[in-house]
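One structure below.
Each reported figure results from applying straightforward, stated rules to the coordinates on display, with no laboratory input. Quantities reported herein were computed from a predicted structural model and do not represent experimental measurements. Neighbour counts run over all protein chains shown; Cβ positions are idealised from the backbone, glycine included.
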């Protein structure tokens, strides 16, 4: 993979594991809920040709330490600050998938003026996953509110707690991939996900679903690429809305026939890498 496994204890938290490789401008890669840095394996070789790549395992995930507490988006944002401090990393770009985007929205809201990224890639995360009673259908689509009520959220988090086998968790993941994604690869993803204890996974999922980042999204003034997918569980309108809120943001949509799922970077790494490198290697606004 051209990447080395490293670890570091953050100031106010656990030992965090990460993969590091390549030379050039730093690119921080942040995975989504229950995933790990290894999910970006299809990107490492190409990125390391021009970039200093750092792919973090969030607390509890992958090879990172698994404390009993801290599974909240705001705590993950603070973990990120302490991780950057530990690496003395002050000038960087960031790629964030799914829940990783929520963490960056929290980071930008609380710490963005102190150490902002220059370029940001948001991959298929809505601004608000839980519908509020006074939202009409259009607002729900643009927010990406695929969870209709707190009762439905509670039932979903209970299913997460109980899905403690590879086969059971693969069923939860299945709608996040296209029908053409191989079964053995789906099970490999599920196996990696189960490194994150299910009780913690349920707590973190619930916290992420309770957030509403719409006002934060509208304040972003970075160079942004939004990557969306036709066959994602998240409404395409939610990703178009995010791109429209950010001045100058670019939007790239993967068709279902192109592996356009929530995990398009796993299903179609060649096209994803082409899009990613085109954005990252383009001269910045300065």
Worksheet, complete the sentence: Packing-ranked peptide list from 62-72, 95-105, 273-283, highest mean Cβ count within 10 angstrom first, is 95-105, 62-72, 273-283
Fill in: the range 14-120 shape via C-alpha gyration tensor axes, a/c threshold 1.5
oblate
Worksheet item: What FRET efficiency comes out for the pair residue 161/residue 89, r = Cβ-Cβ distance, R0 = 25 Å, nearest 0.05?
Response: 0.10
Worksheet, complete the sentence: Stokes-Einstein D for the chain (25 °C, 0.890 mPa s, Kirkwood Rh from Cα pairs), in µm²/s, comes to 130
Worksheet item: Roughly how many whole Å is it from the C-alpha centroid of the range 196-213 to that of the range 89-118?
Response: 19
Fill in: the range 123-230: relative contact order as a whole-number percent, Cα under 8 Å and 6+ apart
39
Worksheet item: What 222 nm value per residue comes from the helices of the chain, counting each DSSP H run with n ≥ 4 as -39,500 (n - 2.57) and dividing by all residues, nearest 500 deg cm²/dmol?
Response: -12000 deg cm²/dmol
Worksheet item: Taking the DSSP beta bridges in the range 4-280 as the whole, what percent of them are antiparallel, to the nearest 5?
Response: 30
Worksheet, complete the sentence: So residue 168 and residue 151, fully extended at 0.36 nm per residue minus their Cα-Cα distance, gain in nm 4.0 nm
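Starting from the Cα gyration tensor of the range 162-258, take the square roots of the eigenvalues, sort them a ≥ b ≥ c, and report rounded, prolate or oblate (rounded when a/c is under 1.5, otherwise prolate if a/b is larger than b/c, else oblate).
oblate
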Discussion item. Could you work out how much longer the chain between residue 179 and residue 199 gets when fully extended? Use 0.36 nm per residue separation minus the Cα distance between them, nm to one decimal.
Written reply: 4.3 nm
Worksheet item: What is the order of 7, 34, fewest Cβ neighbours within 10 Å to most?
Response: 7, 34
